[in-house]
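Every number here is computed from the coordinates shown, using simple stated rules; none is lab data. Computed from a predicted structure; not experimentally measured. Note that each Cβ is placed from the backbone with ideal geometry, even for glycine, and that neighbours are counted across all protein chains shown.
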C-alpha cells in the first residue's frame, strides 16, 4: 500500500512513537496526577514532559497553558465556544474545515455573529479582507494555517499583526501544519493554537492540543475530577486542570511527545523540505498529464504537502476507488469535511481526489501515483 | 511494586490489549470513517467491531447508540449537560464522584435544580429516598453503580424500576463496575450508561463510553468533521456521528475491544469472584488489626473491590506515602475526587487510604498489604 493520505492521519509513525505508547502502558500505566505512588508520579511526569516538549516546540512560555484534548476538533470546539458569547462577532474563512465552521455556525443560535471571508479559487486569503471585516464586537479571528484540501498556506503573520493591532484574539487551526511548518506563537501573535497530535506531529490518534495564551478567559465545558481541589464541587480554574477533567490519555501523550522529539531530532526544516520536494515533483509531473485538473496554488512553497486534483469530470470517489483497488494507492476523495472550501475552488459537486504526503513518503511513492494517474487517463480514452 | 490502585486505572492490562493497540497503530493506522481506501476501511471496521462487542457486553440492541468518548468524565458531561435544560430537576446521591457532582452543580447557573440524596455512613442508598425526591420536573436520576471510595454497590435495579414507572431517565456511572459486575441496560432499565474504558474493562487510558438509549434527545456539545453529510455546515444528527466529531482514538478503541474480549473469554463471573475473594480476605484480616478503621459495607458481596481505611487519626496521605516508599505498595489517599462521599462516611478532613484490587492481583498481594499495615501499626506504638 502506498499511503498518500497523511492529511487525514500520518502513517506510519516513527518507531519511537510505538515504543513510547507501549512502554507507558506496560511500565507505568498508572493514573497521572491522582495518586502519589511511584507509578502515578511517573505517569504524571510523562504528561508534564509532554507539556514541556510542546511548549518548547511552539515557543510557549508556560507549559501549563497547554491543554491536552482528544483531537483537533475537541481543541477547536473548546476554543471557539469558550471564547465567544452572545453579542460577539467572529471572522473566519471559506477554506475552513467543518471543525471550525460547524461550531461557528452553531453559535448563531445563541447570538454570535460571524463573517466568513471568501478566499480566491486557489484558496488564497487576503489579510486586508480580514481587516475590512472587523467590527466593534469582533472578538475572534479563527483561521486555518493551511487548507486540508488545497494545502494553501494562510498569511498567519499578517493576520496576527492585524489581530494584535485591533486587540482581537487569533485562533489558528494548525492541524495541517504543526510538525512541518515552524509555528512560533509569540512571533506570529497566536492567542489560541489548536492542533491534532496524530498528523504532522506524528503522535497516535486520540491526541490533540489547545494552547491558551495567559490571561485569556476561555470557558470550560467539561467538569469533573481533576486531582486538584477535590474538596470543592466547582471546577478549579487553574490551568491545565480547568480543562482536563478525568483520566488523560497517558500512553497517547507519551507517543505524541516521542513524535515531537523525533521531529526535533530530524529537524523540522529537513522534514518540510522533503515534503516540499515531493509536492513540487508531484505538481510538475501532474501538469504534464492532459486530463488532470489541479487545484490550489500549484506551488510547493505556497502550500502544504496536499494536492487536490480531478480527472476531467470523473467522480472523485470512483477515481480514488480505482487508485486503491487497482494501484494500491491510498488517497481521500470527496469533500474532506470542508464544503465551503470546495465551493471556493469550484468542486462542491465533484469533490476532489486528495493526495497528501508525509515525511516517510519517497519519490518512488510519488512516481507510482503519477504512473497510476497516467494509466487511468489512458484507459479513459479507450 | 504491588499495585492496589485499580479503581484509578487497572494495571497491568492483558497482553492482548497491548497487542491490539500496537497492531492498530502499526498495521492499519489510517483514519476510520473518512477515506475509503483499504487501510481506512480496516480502521473503520476496528471501530465498528468495538461498538458491536460493547453492545453485546451490555445487552445494547443497536451498536450505533454507543458513543466513544475520551474517558468516563467526558461521557458523563455529555449525558448530564445534553439531557438537562433550564427548569429541569435532577436527582443524584452524596456518594457521587466529582465527574457527576461538578457538572450537576454547574447547571444550577442555568436554572437546573438538583437534589442530592444523602446516603448512610456506609455509603448505602435507599431507593425510597430517590422516589420521595421526585418532582414534577424531575428529568434525570444520575447515580453511580458503585462508590469509588467505599465500593458500596447501589441498588440500580430498584432505581431503574422507579425511573421507568415515573418516566424519568436513568444515567448510571459504571466507571467502578463495568467489566466486573454484570450490566444489562435492558434488564436494569438504564437509559444512559457512562463508563471508563481503562478501568474494569481493561482498555487503555484515553477511552470511555456513553450508551444513549434510542430516541433520547441528548444535545451534542462538539461539532466538526464526521465523515458524513460533509456538504452541510450543521452537525449531522444521526448516531454515533452526532457525538463523535474528529478523528477517534482508533488504537485505544482497539485496545478497549481486546480488553472486553479478554473479559468475555475469562468470564465476568470468574473475574468478579476473584475480586470478591480478595476483598473479603482483605476485610477479614483488616478487622483483626486494632488501629484500623474500615469504611463502607465491610462485606465483599455488597461492595466492589475497593476498601477505604484509616489508621487511627493518621493523615491518609502520609500513610499512603509510607506504603509506597517503604513497602512498595501503590494505593490512593485523600478525597478521591468525591468530597461529598467523604463527608457521608465522615472522612472529609482525614481522607482515606484506598486499596483497590484488580483481576491480576493475587492473595499474596493482599497478604503483603496486610503485613505492611500491621507493621505500620506496630511502629506507631513505639
Once you compute Rg and the Kirkwood Rh from C-alpha atoms, what is the Rg to Rh ratio for the stretch B:59-168? 0.95
When the gyration tensor of the stretch A:308-382 is built from Cα positions, what are the square roots of 5 times its three eigenvalues, in whole Å, from largest to smallest? 21, 17, 10
Could you give log10 I(q)/I(0) at q = 0.17 Å⁻¹ for the stretch A:224-382, computed by the Debye formula over C-alpha point scatterers of equal weight, without solvent? -0.99
Cα pair distances exceeding 30 angstrom across chain B, given as percent: 40
Using C-alpha positions alone, give me the convex hull volume of the stretch A:206-317 per residue in cubic angstrom. 191
What are the nm distances, shortest first, from residue B:273 to its equivalents in the other copies, labels at 7 Å along Cα→Cβ? 6.6
Going by how many other Cβ atoms sit within 10 Å of their own, how do A:64, A:340, A:95, A:154 line up, fewest first? A:64, A:340, A:154, A:95
For chain A, longest principal axis from Cα atoms; helix A:72-83 axis from its Cα atoms; angle between them, nearest 10 degrees, is 60
Taking Cα atoms only, helix A:15-27 is inclined relative to the longest principal axis of chain A by an angle, in degrees rounded to 10, of 30
I'd like to know how the stretch A:141-271 sits against the 2.2 N^0.38 Å rule of thumb: what's its Cα Rg over that expected value? 1.17
To the nearest 10 degrees, the tilt of helix A:250-266 (Cα long axis) against the first principal axis of the alpha carbons of chain A is 60
Packing-ranked peptide list from A:329-336, B:142-149, A:218-225, A:274-281, highest mean Cβ count within 10 angstrom first, is B:142-149, A:329-336, A:218-225, A:274-281
Peptide B:39-45, shielding by other chains (average Cβ, 10 Å cutoff): 3
For peptide B:230-238, compute the average count of partner chain beta-carbon atoms within 10 Å of each residue's beta-carbon. 5
Could you quote the convex hull projected area for the protein assembly as shown, Cα atoms only and averaged over all directions, in nm²? 30.7
Beta bridges per DSSP with both ends in chain A, % antiparallel, nearest 5: 50
Compute the distance in nm between two label points, each set 7 Å from the Cα along the Cα-to-Cβ direction, one at residue A:121 and one at residue A:1. 3.6
If one puts a single equal scatterer on every Cα of the stretch A:12-93 and applies the Debye formula without solvent, what log₁₀ I(q)/I(0) results at q = 0.11, 0.16, 0.26 Å⁻¹? -0.46, -0.83, -1.26
At a Förster radius of 56 Å, what calculated FRET efficiency corresponds to the Cβ-Cβ distance of residue B:234 and residue B:315, to the nearest 0.05? 0.55
Tell me, how many Å apart are the Cα centres for the stretch B:129-200 and for the stretch B:332-349? 21
With just the Cα atoms of the stretch A:125-207, tell me how far they stretch along each of the three principal axes, in Å, largest first. 41, 23, 21
Inter-copy label distances at residue A:237, 7 Å along the Cα→beta-carbon direction, one decimal in nm, shortest first? 3.7
